[in-house]
1. Please name which of Pro59, Ser291, Ile107 has its Cα lying farthest along the dipole of the chain towards the positive end, using unit charges on Cβ (Lys, Arg +1; Asp, Glu -1) and the Cα centre as origin.
2. Region 292-357 to region 153-183: how many Å between their Cα centroids?
3. Fully extended, how many nm does the chain gain between Thr307 and Trp233 (0.36 nm per residue separation, minus their Cα-Cα distance)?
4. Just going by the charge dipole of region 109-345, with Lys and Arg at +1 and Asp and Glu at -1 on Cβ, which of Leu186, Leu124, Met156 is farthest out on the positive end?
5. Please list, or write none, the lysines whose alpha carbon is within less than 29 Å of the alpha carbon of Lys297, excluding same-chain residues fewer than 8 places away.
6. If I ignore ligands, DNA and RNA and count only protein heavy atoms, how much of Tyr326 is accessible to a 1.4 Å probe, in Å² to the nearest 10?
7. Spin-label point model (7 Å from Cα, Cβ direction): what's the Ala152 to Asn69 distance in nm?
8. Work out how much length Gln352 to Ala77 would gain on full extension: take 0.36 nm times their residue separation and subtract the Cα-Cα distance, in nm to one decimal.
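The values are calculated or read from the model by the stated rules, or taken from the named source; none is laboratory data. Predicted model, so just to flag it, every value in this text is computed and none were measured. Cβ sites come from the backbone with ideal geometry, for glycine too, and all protein chains shown count toward neighbours. The area values use the complete protein model at the heavy-atom level, side chains included, leaving out ligands, DNA and RNA. Shrake-Rupley method; radii C 1.70, N 1.55, O 1.52, S 1.80 Å.
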Amino acid sequence: MTDSTNDLRSKYLTLIKDVADEAALEDLRVQAVGKKGEISLQMRSLGKMTPEERQVAGPALNALKDEVNAALNARKASLADTALEERLAAEWLDVTLPGRGRPTGTIHPVSQVWEELTAIFANLGFSVAEGPQIESDWYNFDALNMPGHHSARAEMDTFYMARADGDNRPPHVLRTHTSPVQIRSLEQQGAPIRIIAPGRVYRSDYDQTHTPMFHQIEGLALDRDISMAHLKWTLEQMAAAFFEVDEVEVRFRASHFPFTEPSAEIDFRCSWVDGQLKLGEGDDWLEAGGSGMVHPKVLENAGVDSTQWQGFAFGLGIDRLAMLKYGIPDLRAFFDSDLRWMRHYGFTPLDQPNLHGGLSR
Ligand code: PHE
């Protein structure tokens, strides 16, 4: 190769290597091997050379032209690749949705059972009623036919609220049961009525199955001809739905509550095998709560004509039902706010209990 072809070679190979884009590369091509390009002009000048000079310069220029053309083509391809990559990067679009994170919180078994029972009773035509947790002694006791001297009052381990000095009115109490909601609902709605009242109640008591705060669900159904038979059927329906079995036999045990007459403890037929509870079979009975026909005095206290209306009431322990259904041994742990316990016994927040989807899935 001659000196001048060598110079041309390194000049164009460097320019080609450093060129910025395809337009500039095209300019370079014209400048080097276009009709009037530097290398083309050199080749045209071969005619003016002596045959000896031409024999050296000719092949050298041809080889140079081929090499520059090859470099131009290679560079053109690589510029096109880079341009495509840049375009793809600029036009990139994330069409995926962000993944749904697993919720870290869980639903407390009490809330779960509360919702389950609400769904069951809603299906039977009961609506949800509420009352205050700080209650007057009228609603918690007197209106429910438990006057001041009544022994049942003492049995309830009541928490009394303090009154201001010199205020001699009877103290308010933390309600000891959900039964005062019977009175409040009757005052508001009158008869006929069909309500449940799930809520917190308070008694001064603490052991493996008692905590000072716990939960009850009250039921009340009044109409012109409601009987104990309706009560029993309602409880059978509730028990079968709640324990997710076909049938549960209900047994009434004679009992006494000041606000019902007659009164009955509610038992569900069950079996305990290897510490496992099964409802609706076996020879054992599970105590579930109290019930009875609403006492006429209670109806009158709530402004309901007891010669026209009658019906049943019941009270069930929500926490106890949760312990039994989900095999939770110690009630006290319910209210320890221990996250490990919550993860173990808690429920997925997005699964709402309902009768068609399955209560406890
Ligand atoms: N209130 C009663 C209790 O807490 C339960 C009950 C409710 C009994 C309604 C009869 C009727 O023990």
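1. Pro59
2. Taking the Cα centre of each part, region 292-357 and region 153-183 sit 21 Å apart.
3. Working: separation 74, 0.36 × 74 = 26.64 nm, distance 2.41 nm.
Full-extension gain reported as 24.2 nm.
4. About the Cα centre, the residue reaching furthest to the positive side is Leu186.
5. Within the straight-line limit of under 29 Å, Lys297 reaches these lysines: Lys232.
6. Approximately 50 Å² for this residue.
7. 11.2 nm
8. Numbers: separation 275, 0.36 × 275 = 99.00 nm, distance 6.05 nm.
Result: 92.9 nm gained on full extension.
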